[in-house]
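The values are calculated or read from the model by the stated rules, or taken from the named source; none is laboratory data. The structure displayed is predicted, hence computed values, not measured ones. With ideal geometry, Cβ positions are generated from the backbone for all residues, glycine too; neighbour counts draw on all protein chains shown. Each accessible area value is taken on the protein alone, full model and side chains, heavy atoms only, with ligands, DNA and RNA left out. Shrake-Rupley method; radii C 1.70, N 1.55, O 1.52, S 1.80 Å.
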Amino acid sequence: MTSPAAATSTTIAGAVMIEAQGVEKWYGNGYHALRGVDLTVHQGEVVVIMGPSGSGKSTFLRTFNGLEEFQHGTITVDGITLGDDLRQIDAIRREVGMVFQQFNLFPHLTVLENLTLAPIKVRQRPQHQVESQALELLERVGIHEQAHKYPGQLSGGQQQRVAIARSLCMEPRIMLFDEPTSALDPEMVQEVLEVMRELAKEGMTMVVVTHEVKFARQVASRVVLMAEGRVVEVAPPDQFFSNPQHERSKQFLGQIA
Amino acid sequence: MTRLPQGLATTPLATPLTTPWWRHRRLLPWLVQGAVGLLVLVLVAFLLGNLVRNLTNAGLLLTWSWLHNPAGFEIAETTLPFNASMPYWRGLLAGLVNTLQVVVLGLIGATALGTATGMAAFSSNGLLRGLARLYVDLIRNIPLLLQLLFWYFVVFLALPNGAAAVQLPGLVLAKSGLYLGQPQLVNDVWQAPLRMSVEFASLLTGLVVYTGAFIAEVVRGGVAAVPQGQWEAARSLGLGQALTLRRIVVPQALRVIVPALNSQYISLAKGSSLAVACGYTDLYSVAETTLNQTGRAVEVVLILLASYLVIDLVISALMNGLNRLVQLRER
Amino acid sequence: MVRQGPLRHLRRELFASRLDGLISVGLITAMAFLGLALLRWAVVQAQWAVIQANSTLLAVGRYPLDQQWRLWLLTTLLALASGLSWGLLRGLPRPDHPLRLWPRHDRIAVVLLVGLAVVLPLLLQLSLNIQMRWWCITGLLVLCRWAAGRWGQAIPRPWRRWVPVIWPLLYGAGLVLISGGLGLVRVAPSAWGGLLLTLLQASFAILLCFPLGVGLALGRRSALPLLRWGSVLYIEFIRGAPLITLLFLGQNILGFLLPGGLAPDRVWRAAWILTFFAAAYVAEAVRSGLAAIPAGQLEAARSLGLPLPQALIHVVLPQALKVALPAIVGQFISLLQDTTLLSLIGLLDLLGTARTVMANPAYLGKNAEVYLVLAVLFWCCCAALGLGSRALETRLNPNHQPAASR
């Protein structure tokens with residue numbers, strides 16, 4: 001597969017994993033959150049979405065697995081078109097993992113149970129098989145010795161790593177990250193980003209909403225800048241950070257620098 | 001699972017007909033609601049159909065004209081003048097007034113008792129704190145009806161009459177009633193500007209003591225919800241205990257207390273319907289007598305439900321007004 | 001904190017200031033006076049014969065004498081099931097917690113139980129035959145508790161998972177035992193009375209109002225407007241009406257609402273009304289629990305691919321019910337107390353039976369004794385439910401344990 005650092009939008013050869021065209025969304029109160037957004041994500045790509053708060057980046061990410069409905073446009077994920085068919089939405093959710101800002105671990109279940117719940121109930125896999133896979137995953141994210149603790153007993157960074165492992169346990173083909181480090185204490189950000197880096201290295205297709213510039217520079221195949229519900233600029237990270245093309249991008253980079 | 005080739009994806013709006021209804025994201029909710037609605041409708045139609053048929057057979061189809069017939073029963077104690085020759089509606093109204101009377105006095109009494117006991121939980125005196133706790137734990141775990149019967153049969157009906165009555169300054173407790181003001185014994189019968197029957201007194205006492213325990217918990221919880229830092233900040237500004245309480249703690253505690261009080265007040269109003277246990281004639285007991293005499297079950301139940309609903313709504317409206325007042329002070 | 005002697009402690013608690021001292025002295029005097037008066041009344045004046053002579057009536061009402069063995073059998077089965085469940089529960093391995101088969105409060109509970117089994121029958125002056133039955137039943141319970149705790153782990157795990165099922169089975173068996181059928185002589189509901197009727201009504205309503213209440217709470221928070229408004233309408237209508245008017249409705253109108261012959265008899269009507277009544281209050285308790293669960297929990301479950309029903313059952317409801325547990329048990333306690341209202345519509349529950357006893361010319365004026373015993377009985381039942389809920393709460397809260405061990 002293509003090395004992420006060298007990849008640009010034109011040289012990627014992988015199959016299309018996510019294709020969004022002209023996505024428009026209004027909230028119930030009439031707020032126009034997404035105003036015709038297009039994005040194509042190829043297999044093995046790491047796409048980082050940046051933008052000021054209220055730009056619609058999280059909303060856009062959440063449309064990919066049907067957490068947010070949209071009124072116009074099409075989204076196709078791994079060949080399945082998001083429509084009104086509930087079975088297709090469930091199918092997409094099985095193939096797409098999601099990591100939230102607030103971790104959203106299930107506090108009444110142990111770490112291990114958090115990982116095994118969905119594979120057992122949704123994929124109907126035997127318990128012992130799922131458990132051994134879950135322990136492997138926990139080892140990969142470096143917290144296998146906490147498997148029988150409850151989420152409330154872990155630090156924020158550990159919780160977010162468990163959340164990543166929980167998503168991976170469903171063996172997704174795409175991972176979505178919604179500001180995964182924004183709720184963490186500064187000293188815990190790196191341990192989570194490290195897990196994400198590893199994941200990218202293994203070739204996982206990832207869409208990441210984040211403010212972590214360093215992560216975007218190192219890992220992203222492309223950076224997407226969103227503002228006011230639109231995609232303003234899509235560019236490889238080198239180009240985006242050193243030579244942004246649009247006025248809005250320069251303004252944004254000036255603000256976060 | 002359908003896997004469409006690239007570029008053939010159609011817009012979600014164009015797909016509904018190709019998706020079966022049982023897994024259609026936007027159709028399914030409406031279908032579910034339609035099915036539930038239909039089910040409820042059929043059930044209601046079935047029940048109402050039976051009701052109309054059975055009432056017609058019994059010759060009791062819904063009418064209200066009987067309300068104007070003379071009641072033919074007496075009510076022992078009314079604020080609104082009433083006698084047996086007056087119509088049923090007047091009797092029901094007299095019952096409602098009796099209910100309102102005990103509810104209003106009960107609300108005042110229970111609030112006073114509850115507030116005092118709730119605040120006692122913060123006393124520096126350990127004994128007082130313990131007694132407040134004991135009162136709440138004791139009262140809340142004994143059924144209200146049992147308590148009402150106890151107050152009436154064991155306490156108030158056991159009071160002596162005449163000269164042997166319990167005499168307190170400005171108050172005499174006798175089996176013939178509670179006398180307030182300057183009670184005087186005339187021919188072995190007490191007389192005073194204000195008299196309360198033992199029936200009314202036991203109902204009122206029972207409701208006040210019972211609801212007071214619940215209100216005490218509400219007050220205690222409300223005051224405990226004010227962060228410790230507020231007390232410390234006020235003390236560091238040099239405010240005294242009383243001033244801190246009045247100007248700092250109480251306004252903040254009220255924001256928690258007032259919404260919770262609403263449901264306690266409503267439950268006191270509903271609890272007053274157990275008046276019959278104390279031999280006091282409230283709306284419910286008039287309604288019961290009316291039903292026994294007329295057989296007009298549906299109308300009587302409708303009147304009952306509507307009356308209590310209105311009482312609840314009035315209490316809620318007042319408390320909502322109070323709540324707005326209390327919450328506004330924040331800004 | 002500096003350790004204080006008991007005397008110092010007492011002084012700080014009761015005589016911190018002059019005012020406190022005055023209050024304390026006043027309260028102690030009043031309490032001593034009241035306590036002595038009560039004691040004198042209970043020992044000298046009160047005539048407890050009214051309770052002793054009517055203990056069977058208060059317990060089971062007019063249940064036919066020759067069929068009462070069925071109730072004894074049921075009590076025995078209940079004792080066995082309680083002992084078994086209790087023992088197995090203690091034997092369950094818990095994460096981060098040492099396994100203790102006989103924690104202190106269990107030992108206290110056993111001592112209390114045995115003490116009650118010995119003292120109560122003596123106080124009630126039951127015949128030796130009946131006394132011995134109570135001893136045997138209590139003995140069986142304790143034995144079962146001991147054996148299940150000792151050897152419960154030896155039962156294979158898949159079997160143990162079915163143990164809770166004995167409770168619904170036992171409930172069904174209990175209904176058959178009480179009412180008859182399946183070869184047993186029928187005992188009409190009008191013959192059930194006393195504590196038996198009270199417990200039957202309360203348990204029936206508690207069991208059924210819970211699922212109903214959860215459904216209504218989910219309906220009230222549903223995104224579907226019709227379900228939401230339907231639930232709101234039901235809950236607010238029920239909560240707006242006093243229970244007595246609803247019982248009144250049940251006794252006087254239910255017969256008109258159903259085709260002739262389909263309407264249940266008076267006892268079952270009351271049971272259904274109690275159930276529908278309590279469901280509205282349980283729904284509000286559950287709703288407060290649901291409101292405490294962040295939306296992210298459902299989103300996380302859904303984005304893992306769990307369908308809505310499974311997400312609710314495995315993720316949202318376990319958390320919401322845990323939060324709502326004290327409120328729900330509080331409603332159950334109210335429900336138990338509310339069964340006394342049955343006596344106002346002419347049913348012979350514990351209170352209704354007690355009032356028939358007091359109407360008996362032989363026991364006229366024995367109100368205080370009877371009401372006091374009833375109050376103690378209700379207080380114990382309600383307080384036990386409250387204690388149980390608090391114990392369950394600490395047990396269900398996984399975050400309690402690290403805090404304690406830290």
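State all residues of segment A:146-192 that are in a helix (DSSP H, G or I), under 20 Å from A:Met206 (Cα atoms) and open to solvent by 10 Å² or more (accessible area, probe 1.4 Å); if no residue qualifies, say none.
Looking only at segment A:146-192, we keep the residues that are in a helix (DSSP H, G or I), and these are A:146, A:151-153, A:156-168, A:186-192.
From what's left, under 20 Å from A:Met206 (Cα atoms): A:157, A:159-168, A:189-192.
Once the filter is applied, which keeps residues that are in a helix (DSSP H, G or I), under 20 Å from A:Met206 (Cα atoms) and open to solvent by 10 Å² or more (accessible area, probe 1.4 Å), segment A:146-192 yields A:Gln159, A:Arg161, A:Leu168, A:Val189, A:Gln190, A:Glu191.
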Subject >> Test: B:Leu149 is open to solvent by 60 Å² or more (accessible area, probe 1.4 Å), within 13 Å of chain C (Cβ to nearest Cβ) and assigned to a helix (DSSP H, G or I) >> reply: no
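Mind telling me which of the residues A:Ala33, A:Ala20 ends up being in contact (Cβ under 8 Å) with a residue 40 or more places away in the chain, assigned to a strand (DSSP E or B) and within 11 Å of another protein chain (Cβ to nearest Cβ)?
Values: A:Ala33 fails: within 11 Å of another protein chain (Cβ to nearest Cβ).
Result: A:Ala20 is the single residue among A:Ala33, A:Ala20 that is in contact (Cβ under 8 Å) with a residue 40 or more places away in the chain, assigned to a strand (DSSP E or B) and within 11 Å of another protein chain (Cβ to nearest Cβ).
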Original post:
Between residues in segment A:88-110 that are open to solvent by 10 Å² or more (accessible area, probe 1.4 Å) and residues that are of a type in the set (Lys, Arg), which pairs lie under 7 Å by C-beta distance while being six or more apart or on different chains?
Top reply: A:Arg93/C:Arg302; A:Glu95/A:Arg173; A:His108/C:Lys322; A:Thr110/A:Lys149
Original post:
If you go through segment A:76-99, how many residues are more than 9 Å from chain C (Cβ to nearest Cβ), in a strand (DSSP E or B) and of a type in the set (A, V, I, L, M, F, W, C)?
Top reply: 3
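Look at C:Leu14 and say whether it is out of contact with any strand residue (DSSP E or B) (no Cβ under 6 Å at 6 or more places or on another chain) and open to solvent by 70 Å² or more (accessible area, probe 1.4 Å). Break it down stepwise before answering.
Numbers: out of contact with any strand residue (DSSP E or B) (no Cβ under 6 Å at 6 or more places or on another chain): yes; open to solvent by 70 Å² or more (accessible area, probe 1.4 Å): no.
Taking the combined requirement at face value, the residue does not satisfy it.
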Subject >> Count of residues meeting criterion [farther than 15 Å from C:Ala49 by Cα and of a type outside the set (A, V, I, L, M)] in segment C:342-380 >> reply: 10
Subject >> Qualifying residue in segment B:121-143 (condition: more than 30 Å from C:Leu364 (Cα to Cα), of a type in the set (A, V, I, L, M, F, W, C), in contact (Cβ under 8 Å) with a residue 12 or more places away in the chain and surrounded by 21 or more Cβ atoms within 10 Å (Cβ to Cβ)) >> reply: yes
Subject >> Residues located in segment A:100-145, provided they are of a type in the set (S, T, N, Q) and either at the interface with another protein chain (Cβ under 10 Å from one of its Cβ atoms) or assigned to a helix (DSSP H, G or I) (or both) >> reply: A:Gln101, A:Gln102, A:Asn104, A:Thr110, A:Asn114, A:Thr116, A:Gln127, A:Gln129, A:Ser132, A:Gln133
**OP:** Go through (1) assigned to a helix (DSSP H, G or I); (2) touching a Lys or Arg at 6+ places or on another chain (Cβ under 9 Å); (3) closer than 24 Å to C:Trp41 by Cβ and name the single condition B:Val136 misses.
**Re:** (3)
Original post:
Residues B:Ala253, B:Ala216: which one is in contact with a helix residue (DSSP H, G or I) (Cβ under 9 Å, 6 or more places away or on another chain), touching a residue at least 60 places away in the same chain (Cβ under 8 Å), in a helix (DSSP H, G or I) and buried (at least 17 other Cβ atoms within 10 Å of the Cβ)?
Top reply: B:Ala216
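Hey, among the residues in segment C:267-292 that are surrounded by fewer than 19 Cβ atoms within 10 Å (Cβ to Cβ) and over 22 Å from the mean Cα position of the chain (by Cα), which one's farthest from C:Gly219 (Cα to Cα)? Walk me through it before giving the result.
Taking segment C:267-292 as the starting set, the residues that turn out to be surrounded by fewer than 19 Cβ atoms within 10 Å (Cβ to Cβ) are C:268, C:272, C:276, C:288, C:291-292.
This time we only want the ones that are over 22 Å from the mean Cα position of the chain (by Cα), so: C:291-292.
Numbers: C:Ala291: 13, C:Ala292: 16 Å.
The qualifying residue farthest from C:Gly219 (Cα to Cα) is C:Ala292.
Filter segment A:23-35 down to residues that are out of contact with any Lys or Arg (no Cβ under 7 Å at 6 or more places or on another chain) and not β-branched (Val, Ile, Thr) and give me whichever is surrounded by the most Cβ atoms within 10 Å (Cβ to Cβ).
First, pick out the residues of segment A:23-35 that are out of contact with any Lys or Arg (no Cβ under 7 Å at 6 or more places or on another chain): A:23, A:25-32.
From what is left, the residues that are not β-branched (Val, Ile, Thr) are A:25-32.
Working: A:Lys25: 22, A:Trp26: 14, A:Tyr27: 11, A:Gly28: 5, A:Asn29: 5, A:Gly30: 6, A:Tyr31: 11, A:His32: 14.
Once the filter is applied, the top-ranked residue is A:Lys25.
Yes/no per residue for (1) farther than 30 Å from C:Ala263 by Cβ; (2) within 11 Å of chain C (Cβ to nearest Cβ); (3) at pLDDT below 90:
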| residue | (1), (2), (3) |
| --- | --- |
| B:Thr56 | no, yes, yes |
| B:Thr63 | no, no, yes |
| B:Ala71 | no, no, yes |
| B:Gly91 | no, no, no |
| B:Gly109 | yes, no, no |
| B:Ala112 | yes, no, no |
| B:Thr115 | yes, no, no |
| B:Gly118 | yes, no, no |
| B:Phe122 | yes, no, yes |
Subject >> Single residue of segment C:22-73 satisfying the filter (open to solvent by 50 Å² or more (accessible area, probe 1.4 Å) and hydroxyl-bearing (Ser, Thr, Tyr)) that is farthest from C:Arg11 (Cα to Cα) >> reply: C:Thr56
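Taking the stated definitions as given, is B:Leu194 exposed (fewer than 15 other Cβ atoms within 10 Å of the Cβ), touching a strand residue (DSSP E or B) at 6+ places or on another chain (Cβ under 6 Å) and more than 11 Å from chain C (Cβ to nearest Cβ)? It would help to see each step written out before you state the result.
Numbers: exposed (fewer than 15 other Cβ atoms within 10 Å of the Cβ): yes; touching a strand residue (DSSP E or B) at 6+ places or on another chain (Cβ under 6 Å): yes; more than 11 Å from chain C (Cβ to nearest Cβ): yes.
Criteria met by B:Leu194.
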Original post:
Filtering segment B:60-109 down to residues that are aromatic (Phe, Trp, Tyr) and assigned to a loop (DSSP other than H, G, I, E, B), which residue is most open to solvent (accessible area, probe 1.4 Å)?
Top reply: B:Trp64
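Going through B:Ala277, B:Ala297 one at a time, which residue ends up being within 9 Å of chain C (Cβ to nearest Cβ), over 15 Å from C:Arg239 (Cα atoms) and buried (at least 24 other Cβ atoms within 10 Å of the Cβ)? Full working, then the answer.
Working: B:Ala297 fails: buried (at least 24 other Cβ atoms within 10 Å of the Cβ).
Step by step, each of B:Ala277, B:Ala297 is checked, and only B:Ala277 is within 9 Å of chain C (Cβ to nearest Cβ), over 15 Å from C:Arg239 (Cα atoms) and buried (at least 24 other Cβ atoms within 10 Å of the Cβ).
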Original post:
Are any of the residues in segment C:155-163 assigned by TED's automatic domain parsing to the domain that holds C:Leu350, open to solvent by 50 Å² or more (accessible area, probe 1.4 Å) and in contact with a helix residue (DSSP H, G or I) (Cβ under 9 Å, 6 or more places away or on another chain)?
Top reply: no
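The rows are residues; the columns are (1) modelled with pLDDT of 90 or more; (2) among the hydrophobic types (A, V, I, L, M, F, W, C); (3) in contact with a Gly (Cβ under 7 Å, 6 or more places away or on another chain).
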residue	(1), (2), (3)
A:Val48	yes, yes, no
A:Thr59	yes, no, no
A:Arg93	yes, no, yes
A:Phe100	yes, yes, yes
A:Leu105	yes, yes, no
A:Thr110	yes, no, no
A:Leu138	yes, yes, no
**OP:** Please name all residue pairs, on different chains or six or more residues apart, with Cβ atoms under 7 Å, provided the first residue is in segment C:299-314 and is over 19 Å from A:Ile174 (Cα atoms) and the second residue is modelled with pLDDT under 90 and open to solvent by less than 50 Å² (accessible area, probe 1.4 Å).
**Re:** C:Pro307/A:Asp90
Subject >> Residues satisfying the stated conditions in segment C:323-359, i.e. assigned to a helix (DSSP H, G or I), charged (D, E, K, R) and under 19 Å from the mean Cα position of the chain (by Cα) >> reply: C:Asp338
Original post:
Assuming C:Gln319 fulfils every condition listed in (1) open to solvent by 10 Å² or more (accessible area, probe 1.4 Å); (2) assigned to a helix (DSSP H, G or I); (3) more than 7 Å from every other protein chain (Cβ to nearest Cβ); (4) closer than 30 Å to A:Ile92 by Cβ apart from one, which condition is it?
Top reply: (3)
**OP:** Can you give me the number of residues within segment A:213-257 that are modelled with pLDDT under 90 and either closer than 18 Å to A:Pro180 by Cα or of a type in the set (Val, Ile, Thr) (or both)?
**Re:** 1
Original post:
On the given criteria, is B:Gly72 within 30 Å of B:Ala224 (Cβ to Cβ) and of a type outside the set (Val, Ile, Thr)?
Top reply: no
